[in-house]
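The values are calculated or read from the model by the stated rules, or taken from the named source; none is laboratory data. Source: prediction; values computed, not measured. These area figures cover heavy atoms from the full protein model, side chains too; ligands, DNA and RNA do not enter into them. Shrake-Rupley method; radii C 1.70, N 1.55, O 1.52, S 1.80 Å.
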Amino acid sequence: MQLSLYTDYSLRVLLYLGANPERRLTIAEIAEYYGISHEHLRKVIHMLGKLGYLETYRGKSGGFELKTSPEEINIGGLVEATEPRQAVIDCNSQPCVLCSACSLQSALSKAEDAFYQTLKAYSLSDLLK
(Lines give C-alpha, C1' and ligand atoms only; values in the text may rest on other atoms or scores of the structure.)
Protein backbone atom coordinates (compact mmCIF):
# COMPACT_ATOMS: atom_id res chain seq x y z
CA MET A 1 0.00 0.00 0.00
CA GLN A 2 1.25 3.45 -0.88
CA LEU A 3 -0.26 6.77 0.12
CA SER A 4 -1.21 9.17 -2.65
CA LEU A 5 0.58 12.47 -3.22
CA TYR A 6 -2.63 14.17 -2.09
CA THR A 7 -2.34 12.56 1.34
CA ASP A 8 1.41 13.18 1.43
CA TYR A 9 0.89 16.88 0.73
CA SER A 10 -1.93 17.05 3.30
CA LEU A 11 0.37 15.65 5.96
CA ARG A 12 3.19 18.00 4.93
CA VAL A 13 0.90 21.03 5.16
CA LEU A 14 -0.31 20.08 8.64
CA LEU A 15 3.23 19.34 9.83
CA TYR A 16 4.50 22.69 8.52
CA LEU A 17 1.60 24.55 10.11
CA GLY A 18 2.07 22.69 13.38
CA ALA A 19 5.75 23.62 13.42
CA ASN A 20 4.93 27.29 12.76
CA PRO A 21 1.90 28.07 14.95
CA GLU A 22 2.82 31.68 15.63
CA ARG A 23 1.74 33.08 12.25
CA ARG A 24 -0.46 32.62 9.22
CA LEU A 25 1.22 30.82 6.38
CA THR A 26 0.79 31.04 2.63
CA ILE A 27 0.66 28.52 -0.17
CA ALA A 28 3.75 30.14 -1.71
CA GLU A 29 5.80 29.64 1.46
CA ILE A 30 4.87 25.97 1.87
CA ALA A 31 5.24 25.23 -1.85
CA GLU A 32 8.71 26.75 -1.84
CA TYR A 33 9.74 24.95 1.34
CA TYR A 34 8.75 21.52 0.00
CA GLY A 35 9.42 22.22 -3.67
CA ILE A 36 5.91 21.29 -4.78
CA SER A 37 3.39 22.79 -7.19
CA HIS A 38 1.33 25.78 -6.04
CA GLU A 39 -1.71 24.43 -7.87
CA HIS A 40 -1.56 20.99 -6.23
CA LEU A 41 -1.09 22.64 -2.87
CA ARG A 42 -4.03 24.99 -3.48
CA LYS A 43 -6.33 21.97 -3.95
CA VAL A 44 -4.98 20.35 -0.79
CA ILE A 45 -5.42 23.55 1.25
CA HIS A 46 -8.98 23.93 -0.02
CA MET A 47 -9.83 20.36 0.98
CA LEU A 48 -8.17 20.68 4.40
CA GLY A 49 -10.26 23.79 5.00
CA LYS A 50 -13.47 21.98 4.01
CA LEU A 51 -12.59 19.08 6.32
CA GLY A 52 -12.16 21.52 9.22
CA TYR A 53 -8.41 21.20 9.70
CA LEU A 54 -7.59 24.75 8.58
CA GLU A 55 -8.88 28.25 9.05
CA THR A 56 -8.34 30.23 5.85
CA TYR A 57 -8.17 34.00 5.44
CA ARG A 58 -8.41 36.07 2.27
CA GLY A 59 -6.92 39.41 1.45
CA LYS A 60 -3.62 41.16 1.95
CA SER A 61 -2.95 39.57 5.35
CA GLY A 62 -4.52 36.30 4.26
CA GLY A 63 -3.19 32.82 4.57
CA PHE A 64 -4.15 29.89 6.73
CA GLU A 65 -3.52 28.30 10.09
CA LEU A 66 -4.57 25.25 12.02
CA LYS A 67 -8.18 25.45 13.15
CA THR A 68 -7.58 23.23 16.18
CA SER A 69 -4.60 22.30 18.28
CA PRO A 70 -2.16 19.66 16.98
CA GLU A 71 -3.29 17.36 19.82
CA GLU A 72 -6.79 17.28 18.33
CA ILE A 73 -5.74 16.36 14.80
CA ASN A 74 -5.79 12.61 14.35
CA ILE A 75 -3.43 11.30 11.67
CA GLY A 76 -5.49 8.18 10.96
CA GLY A 77 -8.60 10.31 10.49
CA LEU A 78 -6.78 12.56 8.05
CA VAL A 79 -5.47 9.62 6.03
CA GLU A 80 -8.93 8.05 5.93
CA ALA A 81 -10.38 11.36 4.72
CA THR A 82 -7.81 11.79 1.94
CA GLU A 83 -7.23 8.22 0.77
CA PRO A 84 -9.84 6.36 -1.22
CA ARG A 85 -10.30 2.96 0.46
CA GLN A 86 -10.12 0.15 -2.00
CA ALA A 87 -9.17 -3.46 -1.73
CA VAL A 88 -5.41 -4.07 -1.69
CA ILE A 89 -6.02 -6.80 -4.23
CA ASP A 90 -9.00 -6.90 -6.60
CA CYS A 91 -10.07 -10.51 -6.96
CA ASN A 92 -12.88 -9.54 -9.33
CA SER A 93 -10.77 -7.78 -11.95
CA GLN A 94 -9.91 -11.04 -13.66
CA PRO A 95 -11.12 -14.61 -13.31
CA CYS A 96 -9.50 -16.41 -10.41
CA VAL A 97 -9.89 -20.11 -9.75
CA LEU A 98 -8.99 -19.60 -6.08
CA CYS A 99 -11.79 -17.14 -5.21
CA SER A 100 -14.11 -19.67 -3.60
CA ALA A 101 -11.46 -21.03 -1.20
CA CYS A 102 -8.98 -18.15 -0.88
CA SER A 103 -8.60 -16.12 2.30
CA LEU A 104 -5.91 -13.77 0.98
CA GLN A 105 -8.31 -10.86 0.44
CA SER A 106 -9.60 -11.21 4.00
CA ALA A 107 -6.06 -11.24 5.41
CA LEU A 108 -5.09 -8.17 3.38
CA SER A 109 -8.24 -6.37 4.49
CA LYS A 110 -7.35 -7.05 8.14
CA ALA A 111 -3.83 -5.76 7.50
CA GLU A 112 -5.23 -2.57 5.97
CA ASP A 113 -7.53 -2.09 8.96
CA ALA A 114 -4.53 -2.52 11.27
CA PHE A 115 -2.65 0.12 9.25
CA TYR A 116 -5.42 2.67 9.81
CA GLN A 117 -5.84 1.72 13.47
CA THR A 118 -2.13 2.26 14.03
CA LEU A 119 -2.29 5.71 12.44
CA LYS A 120 -5.31 6.56 14.59
CA ALA A 121 -3.06 6.20 17.65
CA TYR A 122 -1.14 9.32 16.55
CA SER A 123 -2.00 12.99 16.64
CA LEU A 124 -0.26 15.76 14.76
CA SER A 125 1.31 16.72 18.07
CA ASP A 126 2.94 13.27 18.31
CA LEU A 127 4.55 13.73 14.91
CA LEU A 128 5.85 17.19 15.76
CA LYS A 129 7.92 15.94 18.71
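A few remarks follow.
- The range 85-129-the range 17-63 distance, computed between alpha-carbon centres (Å): 31
- Partners for Lys120 among lysines (Cα-Cα distance below 16 Å; same-chain residues under 8 apart left out): Lys110
- Percentage, to the nearest whole number, of Cα pairs in the chain over 18 Å apart: 59
- Lysines with Cα under 17 Å of Lys67, excluding same-chain neighbours fewer than 8 positions away: Lys50
- The chain, accessible area per residue, ligands and nucleic acids excluded (1.4 Å, Å²): 64
- Set of aspartates and glutamates with alpha-carbon distance to Lys43 below 18 Å, sequence-local pairs under 8 removed: Asp8, Glu29, Glu32, Glu55, Glu65, Glu80, Glu83
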